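Take a look at the structure set out below.
The values are calculated or read from the model by the stated rules, or taken from the named source; none is laboratory data. Computed from a predicted structure; not experimentally measured. When we count neighbours, we look across all protein chains shown, and the Cβ atoms used for this are built from the backbone with ideal geometry, even at glycine.
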Amino acid sequence: MKDKIAVIGVGHTEFGELWDSSWIDLVEEAGLGALEDASIKKKDIDKFFLGNMSLGMFGGQEHTASKVFSEVFSGGPDSHVLGRRIEGACSSGGLALEASFNDILAGIHHGQDKIIMAGGFEKMTDKPTDEATKILSAASDMGKEMGFTFPALYGIIKDRYIEETGAEEEDFDYIAVKSHKNASLNSRAQYSFEVSHSKVKDSFKVASPTKLLNSSGIADGAAAVIMTTVRKAEEIGTDYVVLEDVQGVNDSIALFEREDILTLVSTKRAADMVYRSTGFGPEDVDIAEVHDCFSIAEILALEDLGFYPKREGWKWIKKSLSGCEEMDGPIPYKLPGGKNLFVNTSGGLKAKGHPVGATGIAQVVEVVEQLSGRAGDRQVPDAKVGITHNVGGSGGTAVVSLLTKPDGVS
């Protein structure tokens, strides 16, 4: 247990149209928030990994880690922290988490207890929507899928899912209702308001059958977590949540090269690796933050993570979420075995917001807050095991992590 990895601090900005803040302001706010939460100082950090998709195109800055060091971490001649930027499209934050996790494991092998900050950010709303959409499209295969935006790519997936399963398009609209209901309890969420099923159903189609209210928006924001060994966390005397494992996997970037476009092989493989290494399975998970950039993506995630059989997740949407407009607190899915699974209590990408480089880290922040009983009005009772799922593009990369509440913590 002493050699396991602990998350000892978290930081998270508001997500949304943050025009009064620069990208470096957001990184600093999240980073300093995580340091304060961990009760440590900048000088205690050995290294940081920062997930970011495209600051070069969004903000004109490429030497990101050095800029962050200069503006946030520099403390004079004794400063020793090393920073690196990690890019993996919308899974950049998850990959920064994986890099941090593995770096700490390497330190244990050499008799070191490193303290590392894993962060992520994106500053997107300074660009007009059409330009931001073009930048985001660079996360797809621009050669073979030229002209397809991500709403269109996920629209193709949704069309195929409906054709093969008998699901109805409006079934997926309950997912958005649930996500907004959860986001209404989250003061950091971009869209912290409720929506009705009829409003989602009647929202205009941005790339048929993908509707506006089936889609995540363009947002600014940053998030950060402080990680070290359990041994070091107990030496510091701070509370922690155990990060059991993080795994990232690639797949073909082009949707049309895949054998089955309804299966994200990257997600399945990453999840299987995490389940094998930790000894936990889908049946043990209480909360999940999954990559719901579009409503169809949430159901694919729940199937590929093992919560529902393939092509049967849709049957549980209406069963679980019908009537959720009248429910209080976070809204659960019902699983085939009868257990409740709370998905995207933060509001998810759909309603909390999706500043793409920040998303994978923000998911971990939500799970840590849930497992440590700090989620406020959206708190899930007795949550002990949580999973995060962060996707790059339409499945070209996926990162899955599993976290647990330490034994003996109430």
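Here is how the numbers come out for the structure above:
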quantity	calculated
Scan of segment 236-259 for residues that are closer than 30 Å to THR404 by Cβ and among the aromatic types (Phe, Trp, Tyr), ordered by number	TYR240
Matching entry among VAL285, VAL230, VAL249 (being in contact with an Asp or Glu (Cβ under 8 Å, 6 or more places away or on another chain), among the β-branched types (Val, Ile, Thr) and modelled with pLDDT of 95 or more)	VAL230
Of residues in segment 59-108 being closer than 21 Å to SER21 by Cα and basic (Lys, Arg), the one farthest from the chain's Cα centre (by Cα)	LYS67
Conditions (1) at pLDDT 95 or above; (2) assigned by TED's automatic domain parsing to the domain that holds LYS205; (3) assigned to a loop (DSSP other than H, G, I, E, B); number of the one not met by LYS114	(2)
Within segment 216-270, tally of residues that are aromatic (Phe, Trp, Tyr) and assigned by TED's automatic domain parsing to the domain that holds LEU18	1
Which numbered condition GLY306 fails, given (1) within 16 Å of LYS181 (Cα to Cα); (2) assigned to a loop (DSSP other than H, G, I, E, B); (3) in contact (Cβ under 8 Å) with a residue 24 or more places away in the chain	(1)
Any hit, segment 141-155, residues being of a type in the set (Ser, Thr, Tyr), in the same structural domain as PHE342 (by TED's automatic domain parsing), modelled with pLDDT of 95 or more and part of a loop (DSSP other than H, G, I, E, B)	no
Qualifying residue in segment 11-25 (condition: more than 30 Å from THR129 (Cβ to Cβ) and part of a helix (DSSP H, G or I))	no
Hits in segment 117-132 - residues which are in a helix (DSSP H, G or I) and free of Cβ contacts under 8 Å to residues at least 40 places away in the same chain	ASP130, GLU131
Top-ranked residue in segment 367-380 [being in contact with a helix residue (DSSP H, G or I) (Cβ under 9 Å, 6 or more places away or on another chain) and of a type outside the set (Gly, Ala, Ser); ranked as surrounded by the fewest Cβ atoms within 10 Å (Cβ to Cβ)]	ARG374
ALA152 more than 30 Å from ASP20 (Cα to Cα), hydrophobic (A, V, I, L, M, F, W, C), surrounded by fewer than 19 Cβ atoms within 10 Å (Cβ to Cβ) and under 23 Å from the mean Cα position of the chain (by Cα)	yes
Number of positions in segment 32-55 that are of a type outside the set (S, T, N, Q), crowded, with 17+ Cβ neighbours inside 10 Å and in contact with a Phe, Trp or Tyr (Cβ under 8 Å, 6 or more places away or on another chain)	5
Given (1) surrounded by 19 or more Cβ atoms within 10 Å (Cβ to Cβ); (2) closer than 30 Å to ASP130 by Cα; (3) in contact (Cβ under 8 Å) with a residue 24 or more places away in the chain; (4) polar (S, T, N, Q), index of the condition SER100 fails	(2)
Selected residue (criterion: farthest from PHE58 (Cα to Cα)) from residues of segment 81-97 that are buried (at least 24 other Cβ atoms within 10 Å of the Cβ) and aliphatic (A, V, I, L, M)	LEU97
Condition met for ALA138 (among the hydrophobic types (A, V, I, L, M, F, W, C), more than 27 Å from LEU35 (Cα to Cα) and modelled with pLDDT under 90)	yes
Cβ-Cβ under 6 Å pairs, at least 6 apart or on other chains, segment 179-202 side within 18 Å of SER322 (Cβ to Cβ), far side in a loop (DSSP other than H, G, I, E, B) and among the charged types (D, E, K, R)	HIS180/GLU194; LYS181/GLU194
Of all residues in segment 397-410 being out of contact with any Cys (no Cβ under 9 Å at 6 or more places or on another chain) and at pLDDT 95 or above, the one that is farthest from GLY94 (Cα to Cα)	LYS405
